[in-house]
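Chemist: This is the structure, below, for whatever I ask next.
The values are calculated or read from the model by the stated rules, or taken from the named source; none is laboratory data. These figures come from a predicted structure and were not determined experimentally. Cβ sites come from the backbone with ideal geometry, for glycine too, and all protein chains shown count toward neighbours. For accessibility, only protein heavy atoms count, side chains too; no ligands or nucleic acids. Shrake-Rupley method; radii C 1.70, N 1.55, O 1.52, S 1.80 Å.
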Amino acid sequence: MRRSMLFIPGNNPSMIQNAPVLGADSIILDLEDAVSIDEKDSARFLVRNALLELDFNGCEKVVRINSINTELGYEDIDVIARVKPNALLVPKATEDAIKEIDELISTIEREEGFKLGSIKLIPLIETAFGVEDVFNIVKSSKRVAAVLLGAEDLTADMEIKRTKEGEEIFYARSRIVFACKALKVDAIDTPFTDINDFEGLKRDCQRAKLIGMTGKAAVNPRQIDIINEVFSTSIEDIEWAKRVIAAYNEAQREGKGVFSLDGKMVDAPLFVRAKNVLEKAKAIGLIKE
């Protein structure tokens, strides 16, 4: 599950050391925006050593590399991929960049004896071109496991104002969700940058979840609990799903294709939705098999 993905500066040893106990499903060790140009090399090796030596307590280990439009990106890949993170986060992702990085990682996996395809890719969509091409970006590599929306860079590229209400990114969110659902990968929402507005964060999470986002990135550990709460399956949803499945199974035994539950018609698509609710609840430990 990628309900929450927490950005951690790749040049901050104390934050990296504490990252595994902060409650996020995924930790993003950032070598790009969070690191000044004169600290890139030291941050890269700090992150490398952390991946080798630190117990991340079951958190997914993701590293945001620098763009391969610069030599820094290639250096990041060569050093970091050799210590086998779970995934690389690719800034301002394009179809060509994802294909090239896929090939570079494949070479490293063969050299290091890793299982081919074991290192995943997460394209970061933060340009107008990326939004319009997101389906092809996801489809360009079997390594792609999720897509993350970067609204701050996107709105800068669009030359529009970024707001807490998020109306300006509704299209981008929707287009990313549809591409991700079609290709069966996670859709991760952009961070909410006001780290002191917890009510605003919750509303933003709820808006994103309503249109199909499966998780949200965070820029501060204090945001994790709210993000996890919103993107977890609720007890009410679990009870509803159990009732739908029980009623559906009974209807099947009676030879009925559709049936009524609480005055509403239930058919196969709703049964599939109920099954998905329970699978997600199992994945985060809310229910057992």
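Chemist: If I ask for residues that are closer than 12 Å to residue 190 by Cα and either without any contact (Cβ under 8 Å) to a residue 60 or more places away in the chain or among the polar types (S, T, N, Q) (or both), which ones from region 150-169 would you list?
Modeler: Going residue by residue through region 150-169, those that are closer than 12 Å to residue 190 by Cα are 150-155, 162, 164, 166, 169.
Result: 150, 151, 152, 154, 155, 162, 164, 166, 169.
Chemist: Of all residues in region 106-129, how many are assigned to a loop (DSSP other than H, G, I, E, B) and either of a type in the set (Val, Ile, Thr) or within 19 Å of the chain's Cα centre (by Cα) (or both)?
Modeler: 5
Chemist: Sticking with this structure for a sec: Take the residues in region 227-241 that are modelled with pLDDT of 85 or more and out of contact with any helix residue (DSSP H, G or I) (no Cβ under 7 Å at 6 or more places or on another chain), then tell me which one is surrounded by the fewest Cβ atoms within 10 Å (Cβ to Cβ).
Modeler: 229
Chemist: Give the residue, chosen from 159, 132, that is open to solvent by 10 Å² or more (accessible area, probe 1.4 Å), at positive phi and out of contact with any Lys or Arg (no Cβ under 6 Å at 6 or more places or on another chain).
Modeler: 159
Chemist: Something else: Here is a list of conditions, (1) touching a strand residue (DSSP E or B) at 6+ places or on another chain (Cβ under 9 Å); (2) exposed (fewer than 13 other Cβ atoms within 10 Å of the Cβ), and residue 220 meets all of them except one; can you say which number that is?
Modeler: It is condition (2) that residue 220 fails.
Chemist: Still on this structure, please answer the following. Give me the pairs: first residue in region 115-132 and over 11 Å from residue 150 (Cβ atoms), second residue charged (D, E, K, R), beta-carbon distance under 6 Å, and six or more apart or on different chains, which are they?
Modeler: Pairs that qualify, where the first residue is over 11 Å from residue 150 (Cβ atoms) and the partner is charged (D, E, K, R), are 116/109; 120/143; 121/143; 128/157.
Chemist: Hey, can you tell me all the residues within region 192-228 that are under 19 Å from residue 180 (Cβ atoms) and among the hydroxyl-bearing types (Ser, Thr, Tyr)?
Modeler: 214, the sole residue that qualifies.
Chemist: Tell me which of these residue 180 doesn't satisfy, since it passes every other one: (1) free of Cβ contacts under 8 Å to residues at least 24 places away in the same chain; (2) open to solvent by less than 10 Å² (accessible area, probe 1.4 Å); (3) of a type outside the set (A, V, I, L, M).
Modeler: Answer for residue 180: the failing condition is (1).
Chemist: Examine region 158-177 for a residue that is under 14 Å from the mean Cα position of the chain (by Cα), small (Gly, Ala, Ser) and outside any helix (DSSP H, G or I), and state whether such a residue exists.
Modeler: If we filter region 158-177 for residues that are under 14 Å from the mean Cα position of the chain (by Cα), which is where we start, we get 173, 176-177.
In the following step, the residues that additionally are small (Gly, Ala, Ser) were identified as none.
No - not one qualifying residue is present in region 158-177.
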